[in-house]
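Trainee: One structure follows; several queries about it will come next.
What follows is calculated from the coordinates using simple rules that are stated; it is not laboratory data. Computed from a predicted structure; not experimentally measured. Please note: Cβ atoms are built from the backbone with ideal geometry, for glycine as well, and neighbour counts cover all protein chains shown.
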Amino acid sequence: MPVRFRLPSCAALASLAAPVLAASPPVLGIPSAQDAPIALLVDVSSGQTLFARDADRRFMPASMTKVMTTYLAFQRLNDGKLFQNQITAMRPDTFKRWGGVGSTMYLGANMPVRIDELVHGVTTVSANDGAVVLAEAALGSVEAWVADMNRTARALGMRDSHFGTPNGWMDDGATFTTARDLVTLGTAMITRYPSYYHHFVGAPTFGFNGILQRNHDPISGVVPGADGIKTGFTNQAGYGFLGSAQRGGRRLMMVVATAPTGRARNNSARALLEWGFTAFDSRLVFPQNTVIGEVKVQDGGLRRVGLVPQRPIRIAMPRGQRPKVSMRIAYVGPVRAPIRQGEPIAQLLIALDGKQVSSLPLVAQTSVARATQLQRVFNGIAGWLPW
């Protein structure tokens, strides 16, 4: 099926390839394989992987499991199935199992707590008790919540992940993930629920039940533009961290996992993010909602529909280099009506020097209803005309 592609101007593409002449700050080194056996750095703004080491190797995420619990909380808050001021309480039998176990927000049996406090407890102090109470408040049982975690993982395309608990407590390896899957999850959380992300993630402290605790996130307040996301540690899993930072409209997301010590994890996370910001230059290609191209629609009230990006599209290039930029639109046709506005229907494939570096979704600019009988007649006639 034909596609019309609106490339940036020649001058704009030339500027993308122009070397950076300004002096760059010193570049911190990529962490060693000993300090960060698993490491992944992705430029969310361009979809490019900037660095990967064993990104598809399965590992136990420990408390990074709570990122999925957080994502489900955001989803249910957004859908009106949970409310921030909704009050629940820790069941006595839940307290017997989880009261004071591991990282905790010090919930007591039958103690009233708001959903807002539970989510903050999970994101800020990694509350094991808070994650379980949140699961029970939302769906009635941990088992139902875990089933929803796994359904959601499949829907997001997390092909190498499985969850056995809402909090990542040791379960003999039933819970596992990969760095690539965690970046997929973190990206979905930030892009789909930005207001909840900024409200709940990255707070330096959390107070509950008269006890103030500090967030152990190793990058917030240390790496400029950093805003979380989640640490993890058990003796089985080692030390891990999923983190993100944004500077100048550009967002990076990274994972380090199975690090031998907390210091190695923290230093590796900071170094990897700084390296990503300093070793690569980022250029805007298409602003958000810019019509990049259009495709023919079959059986639609409109013959064509425009394709727009869900967010501004940028390209990350090694500083001082001039790679040749090429782009093309790919989709599985024919595209049939009805089509919802914002529905993903194509991919923008970006290549540097002939090597594909990212694939970004393009969505329908407008909704397209099914064609009426009269419209089908006119569409059939128009299909024979040379325009």
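Trainee: Run through every distinct alpha carbon pair of the chain and return the Kirkwood hydrodynamic radius in angstroms, one decimal place. Don't jump to the answer; show the numbers that get you there.
Mentor: On the way: mean 1/r = 0.0441 Å⁻¹.
The answer is 22.7 Å.
Trainee: Which residue, S161, I115, Y196, has the largest displacement toward the positive end of the dipole of the stretch 59-220 when charges sit on each Cβ (Lys, Arg +1; Asp, Glu -1)?
Mentor: Going by the Cα projections, it comes out as Y196.
Trainee: I need the semi-axes of the equivalent ellipsoid of the stretch 103-148: take the C-alpha gyration tensor, multiply each eigenvalue by 5, square-root it, list largest first in whole angstrom.
Mentor: On the way: eigenvalues 56, 28, 17 Å².
So the equivalent ellipsoid measures 17, 12, 9 Å along its semi-axes.
Trainee: Moving to a separate point now. Once the Cβ-Cβ distance between T372 and Q310 is put in as r, and R0 is 30 Å, what FRET efficiency do you end up with, to the nearest 0.05?
Mentor: Details: r = 30 Å, r/R0 = 1.01.
Once the sixth-power term is evaluated, E becomes 0.50.
Trainee: Let me know the charge dipole size of the chain about its Cα centre in debye, to the nearest 20, where only the beta-carbon of Lys, Arg (+1) and Asp, Glu (-1) is charged.
Mentor: Using only the charged Cβ atoms, the result is roughly 1280 debye.
Trainee: Moving to a separate point now. Place +1 on the Cβ of every Lys and Arg and -1 on the Cβ of every Asp and Glu in the chain, take the dipole about the Cα centre, and give the residue among S268, S358, G186 whose Cα lies farthest towards its positive end.
Mentor: S358
Trainee: If you take the charge dipole of the chain about its Cα centre, with +1 on Lys and Arg Cβ and -1 on Asp and Glu Cβ, which of V142, N215, T290 is farthest toward its positive end?
Mentor: T290
Trainee: Checking the cross-link filter: which aspartates and glutamates have an alpha carbon closer than 17 Å to that of K324, excluding same-chain neighbours under 8 positions apart?
Mentor: Partners found: D281, D353.
Trainee: Continuing with this model, one more query. Run the reach check for K230 against lysines, Cα to Cα strictly under 22 Å, same-chain hits fewer than 8 apart removed. What comes back?
Mentor: Partners within reach: K66.
Trainee: Given the rule -39500 (n - 2.57) for each run of at least 4 DSSP H residues, summed and divided by the residues of the chain, what is its mean residue ellipticity at 222 nm, to the nearest 500 deg cm²/dmol?
Mentor: Working: 10 runs with 115 residues, N = 387.
Value at 222 nm, helices only, nearest 500: -9000 deg cm²/dmol.
Trainee: Given Cα pairs under 8 Å that are at least 6 residues apart, what percent is the relative contact order of the stretch 59-220? If you can, show how the numbers build up before the last one.
Mentor: Details: 265 pairs, mean separation 43.7, N = 162.
With pairs under 8 Å counted, the relative contact order is 27 percent.
Trainee: Evaluated at 37 °C with a viscosity of 0.692 mPa s, what Stokes-Einstein diffusion coefficient in µm²/s does the stretch 259-329 have when Rh comes from the Kirkwood expression over alpha-carbon pairs? Numbers along the way, then the final one.
Mentor: Details: Rh = 15.9 Å.
So the translational diffusion coefficient is about 207 µm²/s.
Trainee: Would you mind checking the radius of gyration and Dmax of the stretch 59-220 based on alpha-carbon positions, in Å?
Mentor: Just the Cα atoms of the stretch 59-220 yield Rg and Dmax of 14.5, 42 Å.
Trainee: Just how large is the dipole of the stretch 59-220 about the Cα centre, in debye to the nearest 20, putting +1 at every Lys and Arg Cβ and -1 at every Asp and Glu Cβ? It would help to have the intermediate numbers written out before the result.
Mentor: Details: 13 positive and 13 negative charges, 42 e Å.
Its charge dipole is roughly 200 debye.
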